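Engineer: This is the structure I want to talk about, given as structure tokens.
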Amino acid sequence: QVHVVESGGGMVQAGGSLRLSCATSGLTFTLYAMGWFRQVGGGEREFVAHINWSETVAEYSNSVQGRFTISRDDAKSTVYLQMNNLVPEDTAIYYCAAGMYGGREQSSYNYWGQGTQVTVSS
């Protein structure tokens, strides 16, 4: 049984940082690409970042490029999202997802976490 569990969300002042973690189990982590998506209240879920299984490709949305960094620790079957220079527009529920090939589209991912709330105050 596959489990994907996010943690590390919380409230932070604008300009601050948070590090989200996504722990997985029940899958061969090294064979999966991992992605982060976010959903603002009442809005659509949007792509944030992804990293492929070989770590040769990492991509970001324009809104977070240069501020967020995605990484993975295969030994721990865990993916991270380091979020720096946060702005109020980053406030959202952040979701972690696993897919065999990954990419920018939600449909590319098979397994999703429950989400973790990030709130950035001005």
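Engineer: Name the strands (runs of 3 or more DSSP E) wholly inside the stretch 77-122 in which the number of residues that are of a type in the set (D, E, K, R), open to solvent by less than 10 Å² (accessible area, probe 1.4 Å) and closer than 11 Å to Val12 by Cα is 3 or more.
Structural biologist: Result: empty, no element qualifies.
Engineer: Within the stretch 49-64, restricting attention to residues that are open to solvent by 30 Å² or more (accessible area, probe 1.4 Å) and not hydroxyl-bearing (Ser, Thr, Tyr), which residue is nearest to Ala14 (Cα to Cα)?
Structural biologist: Asn62
Engineer: To continue, here is another question. For the stretch 65-76, give me each residue that is crowded, with 18+ Cβ neighbours inside 10 Å and of a type in the set (A, V, I, L, M).
Structural biologist: Ile70, the sole residue that qualifies.
Engineer: A follow-up question, please. I'd like to verify a number: residues in the stretch 60-98 that are modelled with pLDDT under 95 and of a type in the set (Asp, Glu), how many?
Structural biologist: Counting residues in the stretch 60-98 that are modelled with pLDDT under 95 and of a type in the set (Asp, Glu) gives 2.
The values are calculated or read from the model by the stated rules, or taken from the named source; none is laboratory data. Since the model is a prediction, treat every value here as computed from it, not as a measurement. Counting neighbours? That spans all protein chains shown, and the Cβs are built from the backbone with ideal geometry, glycine included. Side chains are part of the model used for accessible areas, which takes the heavy atoms of the whole protein and leaves out ligands, DNA and RNA. Shrake-Rupley method; radii C 1.70, N 1.55, O 1.52, S 1.80 Å.
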